[in-house]
Amino acid sequence: MQHQVAVFARRAEQTRLGGVGQARNSMDRAAYLLLNRLDTEGPMGVKALASAMGIDSSTVTRQVAPLVDSGLVNRASHPEDGRAVVLQLSARGSARLEQVRSSRRELMELLTQGWTEEERDTFCALLTRFNTALTGAHGGSGTRSGPASGSLPGGVS
């Protein structure tokens, strides 16, 4: 199992599981995870986003900066505390995220085209369980699974 996980990690990094077509590898993993989190959970502050992702605030600040610069994320003052900043997925960010999700769904469909729906469901359930165990082992909250993260028919994300 350890060997297969190592092979998977290498292949995933080589291809970055970035999708197919024009959107292939067009968004790095950190950007995808941040945009996905803002899409699924809505606007939030840097500390809340960092906590939700299981990383520190300085990392989120560094990773969000180019997303703000490119117009994918908007910064706004917190409605209750004008000193605090709230990060929100922009319309451009939402459209870009959907383009990448669609490309990644297409890749997952290609990779699992010979699989039954039951096999896809089983794989997704076991991979989710494995990721949850990894998250618990490292004390972070990691990433969410489910339809908002771009799962395939049959549940393969």
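The values are calculated or read from the model by the stated rules, or taken from the named source; none is laboratory data. None of the values given here were measured: they were computed from a predicted structure. Note that each Cβ is placed from the backbone with ideal geometry, even for glycine, and that neighbours are counted across all protein chains shown. Heavy atoms of the whole protein, side chains included, go into the accessibility calculation; ligands, DNA and RNA do not. Shrake-Rupley method; radii C 1.70, N 1.55, O 1.52, S 1.80 Å.
Couple of notes before you dig in:
- Compared with the direct C-alpha span, the chain from SER51 to PHE123 gains 23.2 nm at full extension, assuming 0.36 nm per residue.
- Sorting SER58, SER102 on solvent-accessible area from highest to lowest, probe radius 1.4 Å, gives SER58, SER102.
- Distance between the modelled labels on ALA65 and ALA12, one decimal in nanometres: 2.8 nm (7 Å Cα→Cβ projection).
- Computed on protein heavy atoms with a 1.4 Å probe, the accessible areas place LEU126, LEU35, LEU134 in the order LEU126, LEU134, LEU35, largest first.
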